[in-house]
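The values are calculated or read from the model by the stated rules, or taken from the named source; none is laboratory data. Treat the numbers as computed from the prediction; the structure is a model and nothing was measured. All Cβ positions, even for glycine, are placed from backbone atoms using ideal geometry, and neighbour counts span all protein chains on display. Only protein heavy atoms, including side chains, enter the accessible area calculation; ligands, DNA and RNA are left aside. Shrake-Rupley method; radii C 1.70, N 1.55, O 1.52, S 1.80 Å.
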Amino acid sequence: MNLVVDIGNTRLKYAFFRQGKREQTGNEREEMFGVLERYAAEREPVSIFLSGSGKVEDSLRSRLMHYAAYWQEAEPAMPLPVTIGYETPETLGFDRIAGCVGARLFFPDKELLVVDSGTAITYNYLSKDNVFLGGNIAPGQEIRFRSLHLYTEKLPYVEAERELKAYGKNTHDAILIGVMKGILWEVNGCISEFLQRNPDGQVVVTGGNSMYLEKRLPRNVFFERYLGLYGLNEILEYTKKDNKT
C-alpha cells in the first residue's frame, strides 16, 4: 500500500494507492491517520511519500514516519521519471513536477501542457521525451479577488461563482466577471498558443479551482482532479525501484 500526502498552500490532500489504483482520497488529517492505524493493526506495510508546496509541520512529518515501512520526502535532487530542464530546479515547486508525471500516466506519448488552477495558476510543459521544459506562473482566482479588495479603496471582496453573465451591471458582478473571465481568457490563450506549436499535443487541467474551467474549454481538454496525487504515487514507485537497484 502507498500513501501520498501533498501539503498545499491552503490544505492537505492525501490518497492511498494499491498497485497504481487510487483507493481512498481525502483532506482530513485525522481521517488519514485513522486509515494508517487500521493498516498498522492489520500489519500491512505502507510506503509514504510526503510533498509540500506549503509549510510542512515537523509534528506531521514525525507522525507519518511512525507508520512508514518506506519513507520518501520530496527534495530537489531526488530521482524522477522525468528529466528536469529548468534553469533553477531548486526553486521548482514539486507540485508542478507531480502534475506532469501524473499527466504522463494518462497520455504516454504526447507533448503536454498541464494547467493547475489553485492558489496560483501554473502552466507546465512536458516534452514527448519526458523533459520538463518549464512554464508560467500566474495569480489564481483567490489572489485576484483579494488583491482588488486590498489594493483599492472601495472595491469589495468577491467570491467565485460558476454561473457568469456577459458583463456586470453592478460592482460585485463587474469584479466577479472580470476575474473569472480574465482567467478563462488567459487559460484559453495559453492552450491556443500551445496547440498552434503542437497540433497533436494534449492539454490536461487540474487543481482545486479547475471546476470553474470545466465546460468552458475546448472539448479535447482532459480534466483530472487528482492528477498531482497520481503523479506523486508514480514518483514514489520510481524511487522505490531506484533504491532496489
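Within the range 58-86, track down each residue that is over 19 Å from residue 233 (Cα atoms) and without any contact (Cβ under 8 Å) to a residue 12 or more places away in the chain.
Listed by number, the residues that qualify are 58, 59, 62, 66.
Can you go through 168, 178 and tell me which one is more than 27 Å from residue 78 (Cα to Cα) and part of a helix (DSSP H, G or I)? I'd like the intermediate steps shown before the answer.
Details: 168 fails: part of a helix (DSSP H, G or I).
Among 168, 178, only 178 is more than 27 Å from residue 78 (Cα to Cα) and part of a helix (DSSP H, G or I).
Yes or no: the range 150-161 includes at least one residue that is touching a residue at least 40 places away in the same chain (Cβ under 8 Å) and of a type in the set (S, T, N, Q). Before the answer, list the steps.
Kept after step one, since they are touching a residue at least 40 places away in the same chain (Cβ under 8 Å), are these residues of the range 150-161: 160.
Filter once more, so that each one left must be of a type in the set (S, T, N, Q): none.
No, because not a single residue in the range 150-161 is touching a residue at least 40 places away in the same chain (Cβ under 8 Å) and of a type in the set (S, T, N, Q).
What do you reckon, is residue 96 within 17 Å of residue 4 (Cβ to Cβ), without any contact (Cβ under 8 Å) to a residue 40 or more places away in the chain and within 17 Å of the chain's Cα centre (by Cα)?
yes
Out of the range 105-145, which residues are assigned to a loop (DSSP other than H, G, I, E, B), open to solvent by 50 Å² or more (accessible area, probe 1.4 Å) and under 20 Å from residue 213 (Cα atoms)?
119
For the condition open to solvent by 50 Å² or more (accessible area, probe 1.4 Å) and at positive phi, what is the one hit in 63, 43?
On the way: 63 fails: at positive phi.
Residue meeting the stated conditions: 43.
Within the range 218-225, identify whether any single residue is open to solvent by less than 30 Å² (accessible area, probe 1.4 Å), part of a helix (DSSP H, G or I) and in contact (Cβ under 8 Å) with a residue 24 or more places away in the chain, and answer yes or no.
No; the residues of the range 218-225 include none that is open to solvent by less than 30 Å² (accessible area, probe 1.4 Å), part of a helix (DSSP H, G or I) and in contact (Cβ under 8 Å) with a residue 24 or more places away in the chain.
For the range 147-191, enumerate the residues that are under 16 Å from residue 216 (Cβ atoms), at pLDDT 95 or above and either of a type in the set (Val, Ile, Thr) or exposed (fewer than 12 other Cβ atoms within 10 Å of the Cβ) (or both).
177, 179, 183, 185, 187, 189, 191
So how many residues does the range 192-205 have that are open to solvent by less than 10 Å² (accessible area, probe 1.4 Å) and either aliphatic (A, V, I, L, M) or within 23 Å of residue 158 (Cα to Cα) (or both)?
Total satisfying the criteria: 3.
With the requirement that a residue be without any contact (Cβ under 8 Å) to a residue 12 or more places away in the chain, open to solvent by 80 Å² or more (accessible area, probe 1.4 Å) and not acidic (Asp, Glu), what does the range 15-40 give you?
Within the range 15-40, 19, 21, 38 meet the criteria.
Quick check on my filter: what residues within the range 226-245 are open to solvent by 30 Å² or more (accessible area, probe 1.4 Å) and in a helix (DSSP H, G or I)? Show your work before the answer.
First pass over the range 226-245, keeping only residues open to solvent by 30 Å² or more (accessible area, probe 1.4 Å): 226, 230, 234, 237-238, 240-245.
Scanning the range 226-245 gives 230, 234, 237, 238, 240, 241, 242, 243, 244.
Which residues, taken from the range 143-173, are of a type in the set (Gly, Ala, Ser) and either within 24 Å of residue 120 (Cβ to Cβ) or within 25 Å of the chain's Cα centre (by Cα) (or both)? Spell out how you get there, then give the answer.
Here is the first cut: in the range 143-173, the ones of a type in the set (Gly, Ala, Ser) are 147, 160, 166, 168.
If the condition is that a residue be of a type in the set (Gly, Ala, Ser) and either within 24 Å of residue 120 (Cβ to Cβ) or within 25 Å of the chain's Cα centre (by Cα) (or both), then 147, 160 are the ones that fit.
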